[in-house]
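Notes follow the structure.
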Amino acid sequence: MTPVIARTREELAAARARLRGTVAFVPTMGALHAGHRSLIRRARELGDAVVVSIFVNPLQFGPNEDLDRYPRTFDDDVAMCAAEGVDLVWAPTPEVMYPVDPQVRLSSGRMGAIVEGAARPGHFDGVLTVVMKLFHQVRPDVAVFGAKDAQQLALVRRMVADLDVPVRIEAVPTVREPDGLALSSRNRYLSDAERATARHLSRALRAGAERVADGPAAVLEAARAVLDEATRADPPLHVDYLVLVDPATFEEVGRDHVGEAVLAVAGKVGTTHLIDNTPLRFGPRES
Ligand code: PAF
């Protein structure tokens, strides 16, 4: 089934009016891969109708980031949507999405200024602003996000709670390559040698997860050892952060933390910024 493709607000409004029942929504920036496919499949399970947006949002890119070279693979994206039974693809141009420079934007607060937000100032304000606009445009009942962007997911959940947005947020686990590398639209930038270095991110997370019974300090130490190795690889990994955080707030947890946490890592290989994370659960430890 070929999805309806809407490129203007009028086309979207007409196509949205024809959708019946529960509408499940997957917001994307295109360059769809198997990770997106799993989001769309979950949306298919949750909704009577599925809407996918494809929009590379300039507001969430910093001045020195990869907005211009971000992969744009529209025809392949639509083919994947067709294969997965998507009903409607919303693909506005930047001019349709932002007819004038938006003066009023959402602030992601402290939660958007720490961890990934510290490395990418303004990024999460841009993400929340476009996600809120997309929610108003598409009017979904449920929206599906990937756990790979754990801080984005936490912030969208927080936005929905703080601003009483009537959309249910559903998370889908990260999809990985057989060697552990988390799927990302940016992986296609990597040369073979860069890819070999990039693998250390997921290896670090696995090494950390193996020490969960020994507590937060041991987890961080084990993960850090793998990242240290990667900083000596050719080409090297430039580590932005390795943190163990509360999944809801993204504040770092203490040495005695008990309960849920996310071990999150980010770094650059060549000019490619990569992130990854794994959820962990710390039980009470004997002293
Ligand atoms: O995760 C993404 O692809 C983007 O940040 C999103 C949610 C589509 C907003 O532009």
Among trypsin sites (Lys or Arg not before Pro) in the range 37-93, those in a DSSP loop whose Cβ has at most 16 other Cβ atoms within 10 Å are R69, R72
From the backbone phi of the range 240-246, what are the Karplus-calculated ³J(HN,Hα) couplings (6.51 cos²θ - 1.76 cosθ + 1.60, θ = phi - 60°) in whole Hz, Gly and Pro given as x? 8, 6, 9, 9, 10, 10, 5
Beyond 16 Å, what share of the Cα-Cα pairs of the range 54-97 is found? Please give it as a whole percent. 47
Quick one: go through the range 1-31 and flag any residue whose amide nitrogen is under 18 Å from the point 7 Å out along the Cα-to-Cβ line of D141. 16-27
Estimated vicinal HN-Hα couplings, Hz - the range 97-105 in sequence order (Karplus 6.51, -1.76, 1.60; Gly, Pro = x): 5, 10, x, 10, 4, x, 7, 9, 10
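Beyond 24 Å, how much of the Cα-Cα pair distribution for the chain remains, as a whole percent? Don't jump to the answer; show the numbers that get you there.
Details: 21461 of 41041 pairs.
Percentage above 24 Å: 52.
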Can you pull the percent of Cα pairs in the range 1-142 with separation above 20 Å? 49
Can I get the semi-axes of the range 149-190's equivalent ellipsoid? Compute them from the C-alpha gyration tensor as square roots of 5 times the eigenvalues, in angstrom, largest first. 29, 11, 7
Find out how many positive minus negative residues lie around L67, taking Lys and Arg as positive, Asp and Glu as negative, among other residues whose Cβ is under 14 Å from that of L67. +1
Whole Å is fine, so just give me how far the alpha carbon centre of the range 84-131 lies from that of the range 4-37. 17
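Quick one: compute the contact order of the chain, relative version, from alpha carbon pairs under 8 angstrom and 6+ residues apart, as a percent. If you can, show how the numbers build up before the last one.
Details: 546 pairs, mean separation 47.7, N = 287.
Once divided by the residue count of the chain, the mean separation gives 17 percent.
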Debye sum, Cα scatterers, the range 63-146, no solvent: what log₁₀ I/I(0) at q = 0.25 1/Å? -1.38
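None of the figures in this text is laboratory data; all of them are computed from the coordinates on show. Note that this is a predicted model, so its numbers are computed, not measured. Glycine also receives a Cβ, built like all others from the backbone with ideal geometry; neighbour counts cover every protein chain displayed.
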